[in-house]
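This report concerns only the one structure given below.
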Amino acid sequence: MISASRIKSVDFYRKIPRDLTEASLSGAGLSIIAALSMMFLFGMELNTYLTVSTSTSIIVDKSSDGDFLRVDFNISFPALSCEFASVDVSDIMGTNRLNITKTVRKFSIDPDLRPTGAEFHSDLVSKFIKHGDDVDEESIEGSVPLLGSNFDKFSHQYPILVVNFYAPWCYWSNRLKPSWEKAAKIVRERYDPEVDGRILLGKVDCTEEVDLCRRHHIQGYPSIRIFRKGSDVREDHGHHDHESYYGDRDTESLVKTMETLVQSIPTESQRLALEDKSNGGIKGPAPSASGCRIEGYVRVKKVPGNLIISARSGSHSFDVSQMNMSHVISHLSFGRTISPRVMSDVKRLIPYLGRNHDRLNGRSFINHRDLGANVTIEHYVQIVKTEVVTRRSSREHTLIEEYEYTAHSSLAQSLHIPVAKFHFELSPMQVLITENPKSFSHFITNVCAIIGGIFTVAGILDSIFHSTIRLMKKLHDFSCTPSEHETKDVKALRNN
């Protein structure tokens, strides 16, 4: 059995009796300085241990979200009607998707971007409109030409006034003309304006009555508007929007629609009898503008491509000189939607992250007609993916994936219908930010090194100070004690 004395023989820290030690003022001062230094360096080391450190590298994109990229947007166009607004996507690989509606919503707005109507549903506009085969052989004139001077008179005179706003140069206006005039003649014969007085079909030449068409926000030709008691406003839960006809354009369909409109209107004799009870039927003013807010998302391939918003219709023509693609970008981002809470947590670790995630948000791009007509607004967007990876238990975990971008915008004249164009291009490289975890054993080792190092250095300094002081005392005592030769001389003098 091992005795206690043998165990004591391996003691590295043998104790010196306190009576054999000597306290000094210099040692006390160094001890205080050493203790403060230990506390300060321990605090610094603890702060370093608790602070998250990261390393940034550039690598080839190894996205885990597939070959498609989500694009979220919320863009307001004060001068583009939702009736014609179209969201298109194309890329260099030949993809060409027109008028995307499944993931896109449209809302009518005024020039101040305030909503004026409920959500506009694209299914109201027929994708394939049937046209009549009528030939304008006898130049039938069944509708009434309307001018700026008599428009208000006719619109208030008849309970229902259906107006065809057209342009003589428009192909679709010319295709509608025979069916429209024939339908107007049939309706006139069935519902004589002088006797029945419930409905009238008119037409407006927008090349002659420019101000009248602009006042009613006509953007495409032909546009068929329905005016009830002087207004084409359709009320829906407090919202106002223009009431338009989007159905087929053959004579039979037009006549059937007009008869449906007439059924709810009393005859002239009935109207006079009920005139005193109809004070609540006056509609509000027409919307001050026909703008559109387009919001939603699309999925695009991760190759250079375009997101284009423009006026598009398979049965209308547009006067490019009147098109204005000014817009305000409320939101534009790429990739998966990141919750504000997650982004806030990540920014605590990496403050500079997320600054370019929505770079164009809140930006306005307005064409004040300084450049003239046919102005296309283009945005060139370069996208870079940033991935933040954290390591826990020797495993890597993706904390966040986001796409940041830079944008350069310009206004330029175009030979075609003006558009708002977002040209995007993704970088083949990505930024990888890796969180470097701190080892607790490394922290303990550093703390021990701090304590031991300061203790050793302080001991060395104390030894040097103590030795120096002792040496100085010896020199002082030596200088004050007479030498042996000086003592002999003094004794000889005393004997003499």
Practice task
State, to one decimal in nm, how far the label point of SER9 lies from the label point of THR445, with both points 7 Å from Cα in the Cβ direction.
Solution key: 3.4
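Assuming R0 = 22 Å, what is the FRET efficiency of ASP67 and SER339, from their Cβ-Cβ distance, to the nearest 0.05?
Values: r = 25 Å, r/R0 = 1.12.
According to the calculation, E is roughly 0.35.
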Fill in the blank from the handout: Beyond 22 Å (Cα-Cα) in this structure, taken from LYS182/LYS256; LYS203/LYS229; LYS62/LYS421; LYS153/LYS203; LYS106/LYS301, we find LYS62/LYS421; LYS106/LYS301
Problem - Hz values of 3J(HN,Hα) by residue in the stretch 36-44 - Karplus curve (6.51, -1.76, 1.60), Gly and Pro given as x - result: 5, 5, 4, 5, 5, 5, 5, x, 5
Problem - Length gained when the stretch ARG391-ASP211 is fully extended (0.36 nm per residue, less Cα-Cα span) - result: 58.1 nm
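Accessible area of the stretch 42-134 with a 1.4 Å probe: how many percent of it is carbon plus sulfur?
Details: 2810 of 5120 Å².
The nonpolar share, carbon plus sulfur, comes to 55 percent.
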Exercise for the section: Give, rounded to the nearest 20 debye, the magnitude of the charge dipole that the stretch 160-226 has about its Cα centre when Lys and Arg contribute +1 at Cβ and Asp and Glu contribute -1 at Cβ. Expected result: 260
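The values are calculated or read from the model by the stated rules, or taken from the named source; none is laboratory data. Just so we're clear, the structure is a prediction, and the values are computed from it rather than from any experiment. As a convention, Cβ positions derive from the backbone with ideal geometry for all residues, glycine included, and neighbour counts pool all protein chains shown. Protein only, heavy atoms only, side chains kept; ligands, DNA and RNA dropped before computing areas. Shrake-Rupley method; radii C 1.70, N 1.55, O 1.52, S 1.80 Å.
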